[in-house]
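Notes follow the structure.
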Amino acid sequence: MAKKKQRPTAKPTIRIGYGWDSHEFQSGIPLKIGGVTLPHPEGLGGHSDGDVLLHALTDALLGGIAAPDIGSLFPPSDPQWKGADSAVFLREALKRVRAAGYALVNIDSTLILAAPKIGPHTAAIRQSVAKLLGISGDCVGLKAKTPEGMGTDHAAIAHAVVLLKRKS
Ligand SMILES: [Zn+2]
């Protein structure tokens, strides 16, 4: 019987990645979502700048290549990430995706928060995320919902999925 050909190095043509994050609102800090500072009396607490959308996207990129998650790569216990710009995390995740032999095709995301209203800022956030990820704005999906009945009015939640394509 002919031996089955083994291709241990064959990589899937496409891969999907998923990320989720949440942060609690705190007064006295700026609100950053998707790298954009939004006018609001409260920001998102956390060891870094609390950018819930960039954190979910970072985990989605890392998850797409089955790499360790954001908390493993950038431990909140490490003082160097205190107040850090979350774009740093996203760029590192994207670098790892590219090093693994993949290119980002598109992303989709959902924000869940009671306030502020995201609608007026959707275009700016999509453009900011597109620029950070090196893809065009029409490859960045962003929906915003209010947390009806979830009891999470004092937090912001973000879900994100990414599609990765093997580089030829
Ligand atoms: Zn986070």
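The values are calculated or read from the model by the stated rules, or taken from the named source; none is laboratory data. Model, not experiment: these values are computed from the prediction. Cβ coordinates were reconstructed from backbone atoms using ideal geometry, including for glycine residues, and neighbour counts include every protein chain displayed.
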**Request:** Return yes when residue 117 is basic (Lys, Arg), at pLDDT 95 or above and under 29 Å from residue 167 (Cα atoms) and no when it is not.
**Result:** no
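Just checking, does the range 95-111 include any residue being in contact with a strand residue (DSSP E or B) (Cβ under 7 Å, 6 or more places away or on another chain), more than 19 Å from residue 152 (Cβ to Cβ) and within 14 Å of the ligand (Cβ to nearest atom)?
no
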**Message:** Residues that are surrounded by fewer than 22 Cβ atoms within 10 Å (Cβ to Cβ), free of Cβ contacts under 8 Å to residues at least 40 places away in the same chain, polar (S, T, N, Q) and not in a strand (DSSP E or B): does the range 109-128 have at least one?
**Reply:** yes
**Complete:** When the range 50-101 is checked residue by residue, the ones that are in contact with an Asp or Glu (Cβ under 8 Å, 6 or more places away or on another chain), closer than 17 Å to residue 160 by Cα and surrounded by fewer than 16 Cβ atoms within 10 Å (Cβ to Cβ) are 69
**Item:** Selection from the range 22-56 of residues that are near the ligand (Cβ under 9 Å from one of its atoms), outside any loop (DSSP other than H, G, I, E, B) and over 18 Å from residue 126 (Cα atoms)
**Value:** 22, 23, 44
**Prompt:** In the range 57-73, what residues are near the ligand (Cβ under 9 Å from one of its atoms) and polar (S, T, N, Q)?
**Reply:** 58
